[in-house]
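Asker: Let me begin by handing over the structure; questions about it come next.
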Amino acid sequence: MKVASIFLLTALVLLNLSGNTRANFLGRQAQCPSGVSGCPRIYNPVCGTDGITYSNECILCVENTKRQTPVLIQKSGPC
């Protein structure tokens, strides 16, 4: 019985840790439209890795282009 309990506990710990990958920690890259001169005015906020909330992914792309910095999306929704 103890062996089964230890096995199940170890399996739960490993499953819990498997979701904490480095790629998830850093964020994901914004999907930037090519050839579009403006962004839609649709409010779909994203939180950048710089701690700033952007109105949508397109706005984040524009700011990345202006600043020449690779700000990624940390999560969907406001920071």
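None of the figures in this text is laboratory data; all of them are computed from the coordinates on show. In this text, all values refer to a predicted model and were calculated from it rather than measured experimentally. All Cβ positions, even for glycine, are placed from backbone atoms using ideal geometry, and neighbour counts span all protein chains on display.
Asker: What is the extension gain from residue 6 to residue 75, computed as 0.36 nm multiplied by their sequence separation minus the C-alpha to C-alpha distance, in nm to one decimal?
Answerer: Here the answer is 21.4 nm.
Asker: What length, rounded to one decimal in nm, is gained on full extension from residue 32 through to residue 65, with 0.36 nm per residue of separation minus their alpha-carbon distance?
Answerer: Working it through step by step, the gained length comes to 10.9 nm.
Asker: Report the chymotrypsin sites (Phe, Trp or Tyr not before Pro) located in segment 24-79 that are in a DSSP loop and have at most 13 other Cβ atoms inside 10 Å of their Cβ, or state none.
Answerer: Values: sites: 25, 43, 54; in loops: 43.
Those that pass, being in a loop and sparsely packed, are 43.
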